[in-house]
């Protein structure tokens, strides 16, 4: 079946540091890929998405590229802020419109 | 503003009582979903519905029940048969044409505590 693997956290960075959160997936067919962000005590918010190979999703300074050859969708940001501290989930959607989530990666950004 | 509302934000119940969590959406989405999230964990699917008057069990449906009488509403009942009901419950919705790969949109969640 489908699966998503993301790096375990927490990831602790200083403000303005470069962020990478790794995400790899296994799926049949051609899934859509997503990154969601969850702030403490809140629901998940869609951060960005990509629907086909080589697409780059971007939003709020975050970006991720759909790499079919490496089955990856790594999340990156050039300069993180304290307000980026949250839990980030990688997810995929294959036929049937069901989401498969990774386990989540907690990001802590220190001033 | 279009979105998903869940109420209440915090819910406290005594063991042995059934409790119903509300989820309403005004996005005109066909599909709705319920997830459970435990501290420091990912999301697990409880139930989902692709269309009114139809729903399917997810990975952890035991001890839960749902109904889908209206497109906008997908309430979840946590029954006394659920052994560990204390958790954060998230409702989501999606456009969901058959065979699609669309994103889901989430509500703010309900934190249920059973003592």
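The values are calculated or read from the model by the stated rules, or taken from the named source; none is laboratory data. What you see is a predicted model; the values in this text were computed from it and never measured. When we count neighbours, we look across all protein chains shown, and the Cβ atoms used for this are built from the backbone with ideal geometry, even at glycine.
Data table
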quantity: Residues (more than 10 Å from every other protein chain (Cβ to nearest Cβ) and surrounded by fewer than 20 Cβ atoms within 10 Å (Cβ to Cβ)) located in segment A:28-46; calculated: A:28, A:39, A:40
quantity: Count of residues meeting criterion [surrounded by fewer than 19 Cβ atoms within 10 Å (Cβ to Cβ) and either assigned to a loop (DSSP other than H, G, I, E, B) or within 13 Å of the chain's Cα centre (by Cα) (or both)] in segment B:4-33; calculated: 17
quantity: Residue among B:73, B:80, B:67 that alone is out of contact with any helix residue (DSSP H, G or I) (no Cβ under 8 Å at 6 or more places or on another chain), modelled with pLDDT under 95 and away from chain A (no Cβ under 14 Å); calculated: B:80
quantity: Test for residue B:102: is it assigned to a loop (DSSP other than H, G, I, E, B) and buried (at least 17 other Cβ atoms within 10 Å of the Cβ); calculated: yes
quantity: Residue among A:71, A:12, A:28 that is under 14 Å from the mean Cα position of the chain (by Cα) and farther than 25 Å from residue B:108 by Cα; calculated: A:71
quantity: Strands (runs of 3 or more DSSP E) wholly inside segment A:19-93 containing at least 1 residues that are out of contact with any helix residue (DSSP H, G or I) (no Cβ under 7 Å at 6 or more places or on another chain), under 20 Å from residue A:8 (Cα atoms) and modelled with pLDDT of 95 or more; calculated: A:19-21, A:23-26, A:32-38, A:44-50, A:62-65, A:75-77
quantity: Search result, residues across segment A:1-18 that are part of a strand (DSSP E or B) and either surrounded by 14 or more Cβ atoms within 10 Å (Cβ to Cβ) or modelled with pLDDT under 95 (or both); calculated: A:3, A:4, A:5, A:6, A:11, A:13
quantity: Residue check, residue B:46 within 19 Å of residue A:44 (Cα to Cα), touching a residue at least 60 places away in the same chain (Cβ under 8 Å), touching a strand residue (DSSP E or B) at 6+ places or on another chain (Cβ under 9 Å) and surrounded by 13 or more Cβ atoms within 10 Å (Cβ to Cβ); calculated: no
quantity: Enumeration of residues in segment A:49-85 that are buried (at least 20 other Cβ atoms within 10 Å of the Cβ) and within 14 Å of chain B (Cβ to nearest Cβ); calculated: A:49, A:50, A:57, A:64, A:66, A:73
quantity: Selection count, segment B:83-99, where residues are surrounded by 15 or more Cβ atoms within 10 Å (Cβ to Cβ) and either in contact with a helix residue (DSSP H, G or I) (Cβ under 8 Å, 6 or more places away or on another chain) or away from chain A (no Cβ under 14 Å) (or both); calculated: 2
